[in-house]
Amino acid sequence: MESGKKAEAGPSTTTRGGFDGKLERKRETSENPPVVAAFIDDDDEDDGDAVGNGVPVAGFVPGPLLSLKEQIEKDKEDDSLRRWKEKLLGCVESDLNGQLEPEVKFHSIGIISDDIGEKNTPLPVDESQSGRPLFTLREGSRYQLKLTFSVLHNIVSGLAYSNTVWKGGVQVDQSKGMLGTFAPQREPYVHTLEEDTAPSGVLARGTYSAKLKFEDDDRRCHMELKYSFEIKKRS
C-alpha cells in the first residue's frame, strides 16, 4: 500500500444470539475510536477493479503487504508528508522495525456493571486464578465488557471477536462483532462493548463457561481466552 488517500472504516457492529435465542444488530462504543491508516495509490482509482463498501469486486487483486517502515520511507524526502504519516499512525520512525505481520497484545479484560461497579483482570490470567469465575453477576444485571489492547508493528485490519457461552455443556449464547481497523500507537486502545443484560430466573443461575476469540481479516488469531463466570440470585 502506497501513500495517497486515507481509507476510513465504517462503524463497528455486533451480532448477538442472546440467552433468549434472538439475533439482533448492535453498535459498539469505543473510548479510543479505531484509527485507520491504510493508504490507497491514486494511480489505481481508475483501474476498474476496486473494493466498494467492504465487498471485493471480481478481479481485484490486493497489493503486497508493506511494513509501516516501508510506507514511511517511501516519502522520506518529503518531510511534511512523512510527519503527517507519523501523526496519523501514532508512532515515529524509531518505533518501527520493518515487521510485516501486525500483533495485537491484550492487556486486560474488564466488566462494568451496575451491580459490582468495574472490575479489571490483567491478561494473561494468572495461573492461580485458573478455574475460578472471572466475574460474578446478579441475575438481571446490566453490564459491559471492556478491553485494553495495543497494536504493534503494522496495521491490523478487521479485528473481530466471537464470544461463545455454555452452561452444563450446552451452548446458550454466542455473539460476534467487529471492533475495527487499528494502527500502531503508543497509548493502548480501550474498547467497551455494547451493554447487555444478564438473564434472570432459576434456570439462569449458576456457573457458565465461555471462550472469547479475536481474529483479523487474515484469520490471524490474536487471542483465545477461556473463562468462566457466575450468575447469582438477586437478593
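Throughout, read-outs are computed from the coordinates displayed, never taken from laboratory work. Note that the coordinates shown come from a computational prediction; the quantities given were computed from them, not determined experimentally.
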List, in order, the whole-Hz ³J(HN,Hα) value for each residue of the range 157-174 obtained from phi through the Karplus relation with A = 6.51, B = -1.76, C = 1.60 and θ = phi - 60°; use x for Gly and Pro. 9, x, 5, 10, 10, 9, 10, 10, 10, 10, 9, x, x, 10, 5, 10, 7, 8
Quick one: which residues, 5 or more positions from His107 or on another chain, have an amide H under 5 Å from its amide H? H modelled 1.01 Å from N in the peptide plane, none for Pro or chain starts. Thr148, Phe149, Ser150
Length gain on complete extension for the stretch Arg234 to Gln99, per 0.36 nm per residue less the alpha carbon to alpha carbon distance? 43.5 nm
How big is the range 135-235 by Rg and Dmax over its Cα atoms, in Å? 15.6, 49
